[in-house]
Amino acid sequence: MGDVIGSPLPNPSPEGEGLEQPAVTLDAFLDQSNATAVRLEPDEDARALIPHLGRLELIEIAFPAYRDGRGYSSARILREAGYKGELRAQGDVLVDQLAFMKRCGFDSFAPEAPLNDEVVAASLARYDRVYQPAADGAAPVWKLRHG
Amino acid sequence: MKILTGNDLASGAVTWWAGSWWSRHVEDAVDVGEDGEAILQREDGARRVNAPYLIAAITTPEGPRPAHIKDRVRALGPTVRPDLTLKPADPQAGEWVI
Amino acid sequence: MYKYDQYDQAIVDARVEEFRDQVRRRLAGEITEDQFKPLRLMNGLYLQLHAYMLRVAIPYGTLDSRQMRMLAHIARKYDRDYGHFTTRQNIQYNWIKLEECPDLLAKLATVEMHAIQTSGNCIRNISSDQYAGAAADEIADPRPWAELLRQWSTFHPEFSYLPRKFKIAVIAADEARAAMRLHDIGIQLIERDGTLGAAFYVGGGMGRTPMIAPLIKDFVPAEDLLSYSEACLRVYNRHGRRDNIYKARIKILVHELGAEEYARQVEEEFAHVKALNIDPPAAELERIQAFFAPPPFDAADVELDRSDPDFAVWLDQNVKPHKQAGYAIVNISLKPLGGIPGDASSAQIDVMANLAERYSFDELRVTHAQNIVLPHVAKRDLYAVWQALAEAGLAEANLDLISDIIACPGLDYCSLANARSIPVAQKIARRFADPARQRDLGELKLKISGCINACGHHHAGHIGILGVDRKGTENYQLLLGGSGAEDASLGKITGPGFSEDGVVDAIERVTDKYVALRADGERFLDTYRRVGFEPFKEAIYG
């Protein structure tokens, strides 16, 4: 597993040991009462987690293919439901997608292919202004125009 | 015969593998035999070509003639704008495509 | 028309720099073509048959002379001196160099233009009625809402990796001049009990499986337009098919769920989304509407001098009534006999820019039929405008006639095509070259696509032609009876296909049959709908 960008939790070691709880599947999570980390596949309903957000520290959303944008909706739905824990995008995550992902509520990223730190920083800082509200709380331009 | 074609990365121009370089003219295309995939990967990786692919062509006195009409249009240019093709002075150029 | 403020400009400028960096990384080999492709597509840059093709956005088809002149400049400096106006009111350049594209986009940004989201699996250019703000039959100018939708959809973080492309049209009149029902979302502004709102049609489209969008919600209050759209998109993003590129449009989702179930899911999501304060305040709409206030009309109504017969013909065919007395809507045909449908040279683009600035309150429109409109021309200026157009080869008096053909670029330009479409269009125009014959045939919307992707809207043609590949040769299928207007219908395939010359002959047999069967005042489409398919099928195949 590659480096995780932005995670408040300590990175797991390559062997998978470390302080982070393993993210279980949605089915397993709904069965287990003590898991604090879950992994959501693109075709799974984020709303199934809503009753359990209080006990989750980490929700990892899978991006098996960068074209599959379902994870963006899942992320926003979870933040809209009040989830405050770590929301991680894992998989085929391209550097040019990070800004959108952040806006949808992701705060950490586990891309399969390593990313260049400088390019990551540039991508995230590119846009000062946004046109529409999203999960990041950034004021859309119309709010700046009218207060 | 099998020939390689693609586009120049920076300019977008249609190019044809001429044995050791990429030419803009299909007449220069060489038969790559069984080596097409290997050449393609190498050249793409070195960015001497973009989005290359292997196509069938027949040998004619005028040079290789791509088997598919699409690649013949690529080789010449738009048949409806002879002035924008590689052969603006040749009134038969469009016929070659069809 | 809308003018950028500092925020709009900052966003476009940031995009220019972002793309410049992405191109640099591609040229330096830091990213592969596979990684670069979605990035360049979201910036409207295709790798096409001859070179890179750039599709520049013309939001809801509206632009001014300064922007038009820049399009001419781009054609001269970065391309081969012409541009192609498309069926989604955009412009395409076919010979762009990747290494020059960042500079080109920087120049466009200086006149508030861009190529953002003109390709890719995201929300594309919002299209609208080319007569907006000029036609008498609209209940409001739809373009402020189109502008709201444009801003809402630009770099929308949740909807940039949809299952497939997404096209929205906004109109405000019953007469549907923007093929609204054939869009992924078609919005018609309507009034109910004195309140402004919109009817939402979702799930239209052409391509492999053409569908007319069903009505999903009959009235959405105007202030909820964006949150309702957000709900529609979210349901699509979550549930649209991603297993098969040919089944990935929203029309398939709506069809497979059924309109009722889709509407129910949207309603559920809408209830949730509405609480998120997605919708801008009324002040924002008012701010935008101010840009679309009517121009300072001051020309008196005049009696037109029709003594020049060519001018009279052009008046009757290409000039439409304006809601303001003393004014008229001028249609500029980009379908001259022997020309390429939708193409204009840089010189012609400059002529149109100058005419707009001088005679049309500095405004032009691009239509989905690949023509140009000068929306506000004083009647007293019509003769001067016509003379200038005639001198520039832009006065073909064929609006909506058989030679006013919508044609995709086809195999001459497009790597997706199976057959060339432009030569067929040219042959048809030549066969029917006699202007009197064309006027006698009357309104006959002929649309040609070079492949099943239907960029030429062939399903919506009164007569449609689809180019196919038949064992390595170009072959053409004929369709009859389609319409993209408010009486939307999909064309029916007549039978076996034809060669290029064969399809021209077949069309002539169709039009001859129409002339033989028509009742007084009937267009071809009316006669077809009255007598049915069989008489025409027999005329074609014997």
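Summary table
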read-out: Restricting the range A:124-142 to residues that are more than 8 Å from chain C (Cβ to nearest Cβ) and part of a helix (DSSP H, G or I), the residue that is surrounded by the most Cβ atoms within 10 Å (Cβ to Cβ); value: A:124
read-out: Sole exception among (1) within 19 Å of residue C:411 (Cβ to Cβ); (2) surrounded by fewer than 24 Cβ atoms within 10 Å (Cβ to Cβ); (3) at pLDDT 95 or above for residue C:448, by number; value: (2)
read-out: Check on residue C:14, within 14 Å of chain B (Cβ to nearest Cβ), in a helix (DSSP H, G or I) and of a type in the set (Gly, Ala, Ser); value: no
read-out: Of all residues making up the range C:1-11, the number that are within 11 Å of chain A (Cβ to nearest Cβ) and hydrophobic (A, V, I, L, M, F, W, C); value: 2
read-out: Matching strands (runs of 3 or more DSSP E) fully within the range C:323-401 where at least 1 residues are surrounded by fewer than 22 Cβ atoms within 10 Å (Cβ to Cβ), of a type in the set (Gly, Ala, Ser) and within 14 Å of chain B (Cβ to nearest Cβ); value: C:343-345
read-out: Given (1) more than 10 Å from chain A (Cβ to nearest Cβ); (2) in contact with a helix residue (DSSP H, G or I) (Cβ under 6 Å, 6 or more places away or on another chain); (3) not in a helix (DSSP H, G or I), number of the condition residue C:147 does not satisfy; value: (3)
read-out: Failed condition for residue C:227, given (1) within 14 Å of chain A (Cβ to nearest Cβ); (2) touching a Phe, Trp or Tyr at 6+ places or on another chain (Cβ under 7 Å); (3) surrounded by fewer than 20 Cβ atoms within 10 Å (Cβ to Cβ); value: (3)
read-out: Condition met for residue C:117 (assigned to a loop (DSSP other than H, G, I, E, B) and within 14 Å of chain A (Cβ to nearest Cβ)); value: yes
read-out: In the range C:235-249, residue nearest to residue A:78 (Cα to Cα) [restricted to those that are away from chain A (no Cβ under 14 Å) and modelled with pLDDT of 95 or more]; value: C:249
read-out: Test result for residue C:91, more than 19 Å from the chain's Cα centre (by Cα) and buried (at least 19 other Cβ atoms within 10 Å of the Cβ); value: no
read-out: Failed condition for residue C:516, given (1) part of a loop (DSSP other than H, G, I, E, B); (2) hydrophobic (A, V, I, L, M, F, W, C); (3) farther than 23 Å from residue C:179 by Cβ; value: (1)
read-out: Residue match in the range C:491-501 (condition: at pLDDT 95 or above, at positive phi and not assigned by TED's automatic domain parsing to the domain that holds residue C:213); value: yes
read-out: Unmet criterion (only one of (1) crowded, with 18+ Cβ neighbours inside 10 Å; (2) within 11 Å of chain C (Cβ to nearest Cβ)) for residue B:5; value: (2)
read-out: Any chance residue C:296 is loosely packed, with under 12 Cβ neighbours inside 10 Å and either away from chain A (no Cβ under 14 Å) or among the hydrophobic types (A, V, I, L, M, F, W, C) (or both); value: yes
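The values are calculated or read from the model by the stated rules, or taken from the named source; none is laboratory data. Just so you know, these numbers come straight off a predicted model, no measurement behind them. Cβ atoms come from the backbone with ideal geometry, glycine included; neighbour counts cover every protein chain shown.
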